[in-house]
Structures are given as C-alpha cells and as structure tokens.
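Notes follow the structure.
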Amino acid sequence: MVCVLAAAMQAAAQAPAPDSPAIEAHAQALLAKLTLEEKIELIGGVDGMYTNSVPSIDLPRFKMSDGPEGVRTWGPTTAWPGGAALAATFDPELARKIGEGLGRDARARNVNFLLGPGVNIARSPLAGRNFEYFSEDPYLAATMTVPWIEGVQSQGVIATVKHYALNDQEYNRHNVSVEVDERTMREIYLPAFEAAVTKAHVDAVMNSYNLINGEHATQNEFLNLKVLKGDWGFKGILMSDWDATYDTVGAANYGLDLEMPSPRFMNVKALTAAVKDGSVKESTIDDKVMRLFRTALRYGFLDRPQFDPADATYSVADRATALEGARESVTLLKNDGGFLPLKAERVKTIAVIGPNAYPAITGGGGSSEASAFEPVSILTGIANAAGPGVSVLYSRGLPDMNELFRNTHWEGPVEAAAYPNKDFSGTPKTTREKNLANMGPRGWEPEGDASRSVRYTASYKAGKAGTYLIVAATGGWDSDPYTISVDGKQIPFPPHAESQPPQSAALELTAGQTIKVVVEYWPRTAALRFGLGIAPEADLISDDAKKMAAAADVAVVAVGFGPPTESEGLDRTFTLPWGQDALIEAVAAANPHTIVTLNGGGGMDTRRWLDKVPALLHTYYPGQEGGTAIGEVLFGQRNPEGKLPVSFDRSWDENPSAKYYYPIAGADTKLHVIEPGHKAVDYVIPHVKYGDGLLVGYRYWTTTGKHPLYPFGFGLSYTTFSFSKLRVPAAAASGSTVAVSFDVKNTGSVAGAEVAQLYVSDPSATVTRPERELKGFEKVRLAPGETKHVTLSLDARAFSYWSESGHKWAIDPGKFVILVGDSSENTPLHGDLTLK
Ligand code: BGC
C-alpha cells in the first residue's frame, strides 16, 4: 500500500514526451507481440468510456471522460465557464489555466482522455451546442483552443478536439449531410481544428456524427486522410463520436483509429474477414494500433499511474480560476445613462426574479453537463455582493413547467386514446385524465413499448380575451415526437429529430372561446412522457414577482436557456423559453430600474422588452462561480470586460444561415447500411447546403453593410477607452510577418480591461473575400488615465485565402487595410499596407 502510494505521489504533472526512436521501438515491440485479433480489439472501445486492455502485454485500459465544461466522470466536479463564455473573455492565458485545471482534475479521477474542447463554429444561434463551442469566428476559436489543449496535455492527459467536422447544428446531427465547398471549410470551419493539431499538437480528435458532402465523418477520406493526417500531419488517435460509425471497411480505410464506445463495425469478426478478403490491409490496422501505443508511451501511461493524489478533486485554486473566467466573460450589452454599476448605498431593496436566478445554471445540457460541488446562483451572488444591509427579495416569477401542466383548467376531462400501433388504427384503450402532466425524468430512458400511438383530446375555454400560451414538453434526452392541433390547425413547431426542447406557441383567444386541442403522440419508450398546458400569458407571472419588483429599488430578471432548453441532441429556439418575455415586461412595468441577465450559447430575441429595460448582461453559461461574478459586476466591484464571441441578431431570420439552415426540400437521399448482425437499414439523409458560405456572423454583417443588434466583439465597460497612433508599415514582402502597433488608453475614471481587436481587409483580392476578418487581438488592463502600447504580429495566414484553383493558401499582392477597434463594427484606426 505504502509503495503504491509512494509511486503515485511521484506522478506529478507530466507533459507528453516528444516522439523518439526509443518510443517507436517500444511501440513496434508491443505490436509484434499481438495477434491480428488482439490488434483489432484495441481499436474499439469498451464499457462506454474506455479503450481495451491487452493482458498479455500488460496494457491497461485507458479511461475517457467528457468535457469540456468539467471532468464528468463521477460525482461533482469543478464546472468551468462554457466555451462561449470562455471565448467572451478573449483571454487565451485564462484558457490555458482552465485547461491545466481540467487536466489536474482528470488526473485525480484517473482519466487518460478528456473529451474536449469542442471547436465547431457557431454558425446559427439555434445550434444546441454553441455554448460548448467558442465562437462564430475561426481565429478566436483557434486562439482559445490552442492554450486550452496545451493546458490539459501539460498535465499528462490527452485532449480530444471535437467534433471533426461541420457538426454545426444538432437538428438531425446523426444523418444530416453538410454540403460545403472546400474554401468555406478551410477558412471558416477547419482552422480551429487545424490549430489544435499543428500548434497545440492535440493527441486525439473526435469525428462528428454528420456526413460531409455525402460521406460520414468517420469514413470521410478528404477530411481524415487528406486534410487531418495528410496536410496537417496528425499523428495521434482519431476516434469516432459515440455510435457515429457506419461501415467497417470505410471507417478502417478512411482514417478512423478507434471506434467508440464499442466496436460495432471495426470488430474482430468483420475486420478479420475484411483483412482476409483484402479489402482492409493488416498494415492499416497496425497503423491505428501504433498510434495508440505511441501516444500511450509518450504520455507515460505504461510507466506511471494516471491517478495522481496530488491533484485534488476539490480544488480551491480551480474555484478561483473558474471565478476569474466568469468575471472576465460577463458581457454588458446595454447600460442606459450609466445605470450600472448599482450604488450600494442607494439600493436598500433588490428583487431577484426569474427561472435562471436560482438554482445556479452553470451550463447547457448533454454530455458536457458538469455538476458542480457548490455552484453559486445569481440570487446568492447578488445577495453576497449587496451585503447584509440590502434586503433581497426572490421570486421564480413563472411556474415550473409541471406546475403549469398540473394547474391547467381543461373543460372536462382530457381523453387519452392509446392505440396498439403507430398509426392510430384499430380500437384504442381510452382513459380520462384531469390534466396532461406525464413528464418522465430527464435522462436516458430504457427502450420499452415503442409500438403505441396516443391521441389526447381536450377542450379549453378562455375566461377572458387575450394572449394565451400553449406549452408542451416530452421527457428524456431522446424525446418523443408529437403534433398538436388547435381547432384542426396544426401548430408549426420547429422540426426536430433526436430530441426537442419544450415548445410553446401564443394563441389569441376571445372571452368565452372554447378551443379543441388534439395531440398525436408517439412514445418511444414504455413510459408516457408528455405534458401540455395552457394559460393566459399574463397570469403566468406570479403576483409575488410583480409586488416585489414594485417594492424594490432595483429588479434583476434572470432569464435565458438551460439544460432542458439548450442542449446536445436538440436545437433551441431563438425566442426565450415560454413566459420569459412576459415576465421581463411585467417586472419592467412594475419597476423601470430593471436589469436583465441572459443565459444562452449566443443571441436570442430581445425585441419585446429591450427598450423597456435600462441594462442587459449576457452571461452565456458562466460555470459554477457565475453568480458571484454577476453580483460583483452589478455592484461595480468588478468592471465588466466580456466581448461577444458571436454576432447578436435581432431576429432569427436575419441571421445569414437562416435560409440555409434546414435541409433542402426534396433533396433527401437514402443511405443503405448493413448494421452489425447483417441487418440492412436505409437511413434518410437530409442535405443542408451551406449557402451562406464564408459570410458567417460578422463577416456577413460587415460585408453587406447591415448591422445586427450587437456586433461580434462588442461589450461595454464602466470606463471608456481610446485607440490611437496606429503604426502599419507602408509595404512588406508577401509571406512575411508584419508588426502592427497602436496605443490603447483608459479615458475614464475606473480601472478596466479593453479587448483591442485587429481586423484585416483585402480590397484588392482577385477573389471575393469577407469585408474584414479578425486576425489579432489583445486584452489590455488599464488603470484610469493609463496608456499601453500594443504590438500585434500578422503572419502570412492573416492575409491569405484558400485558393480553390491552387488548392492552397494564397495571398494576392496589393493593398490591405488594417482596422483596429473594440468590436467588428467599431474600428476607429485604419492603416494601409501593400504586400509585394
Ligand atoms: C457527444 C460527444 C461526447 C460523447 C461521449 C456524444 O453524444 O456528441 O461530444 O464526448 O457523446 O459522451
């Protein structure tokens, strides 16, 4: 026991060793001892989250854990700011510290592979995992990714950059084929992966679920062999996302090294046969095994225990870093007349209202969900910042969803007709219920009697004229499909595939009007997991909330999304979850001193109430210390410094991806797959055309000269800054590194941080380019009156585009414009540069 502990104590953080002849020889020697069967067993996962072991060569199994918001292997952990929040800090060194913290936590939990970071591009605000990802901008995403990965790997833990590639929507993520040209891929969707491989030397990459130009990621020759392992020289392990593999020979030959979580396709039976008939070479399998061996040896996994008791699972230091992350991410979007910061001496009573005020919402939903030890809610954070002299009033403001379902006053009973088939034929078993509140627990549900269809019929009588909300939800990750019609007209909810968030719609009803509601519901499991409710929108707002708001000096309404409404496996709405718009309006009507805080992976619809509130903060998903950071910012104990990592649109349809988001109608194709056990399955493959091309986010807004509600890179401060003295060389050789410098001054009266952003414009390009692109930034901390001189270097890539004809990065000599400022739209400094 003592010896084991002593050995473990020596296992201090250990960065991976570089490749060496000794490692190569050791890996070759291990390979030589394996039979073909043993080799194949090594390229398929086991027990959900492990690689396989080989007892004959003393090779243990290696453990994996999600990521990226915390080490999610068992029990509570440190819940870090999500990717979007971290990107809003524009602080790569903070990303490194968070990576190191994650790496240490992983070691303490015996984890070898951390399944993060997620670096897909936030193309549309609807995409359910934007909160895990960094940004709409490839340069920002790449710049945050590199130190994050270096931080994790410096602790002797393999980082796994995911989801390679173009998994930019959750809607139908398993089956959708993304149709995209190479230039768009290279310039927008791949640079963060490229930087992860070529700069951070990430040792694992995870393929995405979707297809790219007709081929699943796990067997995509272009992405895996040409780009990842060819152009970028990736030497590590390419694993599948969980159950993202569709073909034995395709996956084996086109780059996949490890099928997770189990070898459905790359298994001993199928691959032995493929080797025998020559469709897969044994050397191809050897290459995959060698990648695992080399990596494991470089990390010392065969020489030291991965568990390191020196790395605490509960770390006070990590809490401090998580707090710093939350502080740096809070983004002040609106602050009319310097309403914030609140003057503590003038606030005697503060009302904290809203479903996101308490308990803390640290992240979105899905595999990244990390449960924190003691997350700080917005309510607690505000109370702490306000101090004992301030009276804090709290109301959720809106009913919990099940409460709404249970309290809906239907006219008579709800009739439930359950048919023993999927198409409502034959004789149903009919029961009568008081209401529709059959919400099962959220999470994985066992497959059960999936052969039923249920029709619910109910009547609802409006007591008074006005707007009513109809709200529906089905439980579980793999939520059930349903349709709802009101008086024979189906409500057009957004399409969904794997899962869907709670849905709602507004109904305008007259006094005494009775409507007939019919739900057709197809449960996927034995449990019926369906809830439905209707209420006048105004009545949803609790009287307490209105009274508290009226009685308080200041009201804070904490709204936005959370795990059930923004998650892996589903796309979210652009409108706030049901009732929240009305809640903000009601609170703002009761108290003009109302501040709104938002949770979400990007922009959302603020149009109903934005001009009624003086202050708005975006907090993304700030992790476990978010409440403290928000309280400090509101009371001016901390100056906000977050900057939007995405453009914040007014409406969903003004987003450049909107008209290309859903699959092209009538263009579905079929994919014939022979599943394990020789079962043939025809998958329907919808095709999504990335018609927005390069014009993602601010590239669209600045190129078209139109403006979103808040531009990429924007965020207010309690102080002001000025930019001056831009120095750009008049000319430089094409391909050389160019230094640009300028001054940033704090022109206000409090200390603060500004993110100086450098954009490059290429007016003389021979191809069409976005009007400007972010190519450098630096966060500058300044005391009042202080000036700092900032120098940024622009390498060849900063001026390049991907040449479709040359199949390489190219620079067109001629004029470039360097723009510097505090957002993608506010760039007061301009300088010309000629590349020769
Ligand atoms: C997710 C991955 C995750 C994996 C393992 C998948 O559903 O897409 O991001 O790492 O599950 O939990």
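The values are calculated or read from the model by the stated rules, or taken from the named source; none is laboratory data. The structure displayed is predicted, hence computed values, not measured ones. Positions of Cβ are generated from backbone atoms using ideal geometry, with glycine treated the same way; all protein chains shown enter the neighbour counts. SASA here: full protein model, heavy atoms, side chains in, ligands and nucleic acids out. Shrake-Rupley method; radii C 1.70, N 1.55, O 1.52, S 1.80 Å.
Structure data summary
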quantity	calculated
Tally, over the stretch 241-250, of residues that are among the hydrophobic types (A, V, I, L, M, F, W, C) and either open to solvent by less than 10 Å² (accessible area, probe 1.4 Å) or away from the ligand (no atom under 16 Å from the Cβ) (or both)	2
Hey, Tyr133 within 15 Å of the ligand (Cβ to nearest atom), within 30 Å of Leu671 (Cβ to Cβ) and at pLDDT below 95 or not	no
Residue match in the stretch 80-97 (condition: outside any loop (DSSP other than H, G, I, E, B), buried (at least 24 other Cβ atoms within 10 Å of the Cβ) and within 16 Å of the ligand (Cβ to nearest atom))	yes
Subset of the stretch 386-414 [in a helix (DSSP H, G or I) and within 20 Å of Pro355 (Cα to Cα)]	Met401, Asn402, Glu403, Leu404, Phe405, Arg406, Asn407
Check on Leu140, more than 16 Å from the ligand (Cβ to nearest atom), of a type outside the set (D, E, K, R) and within 16 Å of the chain's Cα centre (by Cα)	yes
Selection within the stretch 677-695 - open to solvent by less than 60 Å² (accessible area, probe 1.4 Å) and in contact (Cβ under 8 Å) with a residue 24 or more places away in the chain	Tyr683, Ile685, Pro686, His687, Val688, Tyr690, Gly691, Asp692, Gly693, Leu694, Leu695
Selection from the stretch 100-111 of residues that are open to solvent by less than 10 Å² (accessible area, probe 1.4 Å) and either within 15 Å of the ligand (Cβ to nearest atom) or assigned to a loop (DSSP other than H, G, I, E, B) (or both)	Leu102, Ala106, Arg109, Val111
Criterion: open to solvent by less than 50 Å² (accessible area, probe 1.4 Å), farther than 20 Å from Arg638 by Cα, within 16 Å of the ligand (Cβ to nearest atom) and not aromatic (Phe, Trp, Tyr) - qualifying residue of Gly354, Gly365	Gly365
Positions within the stretch 729-744 being surrounded by 15 or more Cβ atoms within 10 Å (Cβ to Cβ) and in contact with an Asp or Glu (Cβ under 7 Å, 6 or more places away or on another chain), in sequence order	Val744
Exclusive hit being open to solvent by 10 Å² or more (accessible area, probe 1.4 Å), of a type outside the set (Ser, Thr, Tyr) and within 25 Å of Ser567 (Cα to Cα), set Ala159, Ala142	Ala142
Any strands (runs of 3 or more DSSP E) falling wholly within the stretch 475-535 and containing at least 1 residues that are within 15 Å of Trp578 (Cα to Cα)	503-509
Single residue of the stretch 396-405 satisfying the filter (open to solvent by less than 20 Å² (accessible area, probe 1.4 Å) and more than 29 Å from the chain's Cα centre (by Cα)) that is farthest from Lys343 (Cα to Cα)	Phe405
All strands (runs of 3 or more DSSP E) inside the stretch 558-676 with 1 or more residues being open to solvent by 10 Å² or more (accessible area, probe 1.4 Å) and over 20 Å from Tyr718 (Cβ atoms)	669-675
Residue among Leu238, Leu292 that alone is closer than 17 Å to Lys39 by Cβ, part of a strand (DSSP E or B) and either open to solvent by 50 Å² or more (accessible area, probe 1.4 Å) or at pLDDT 95 or above (or both)	Leu238
Residues of the stretch 295-335 classified as within 30 Å of Gly601 (Cβ to Cβ) and part of a helix (DSSP H, G or I), total	14
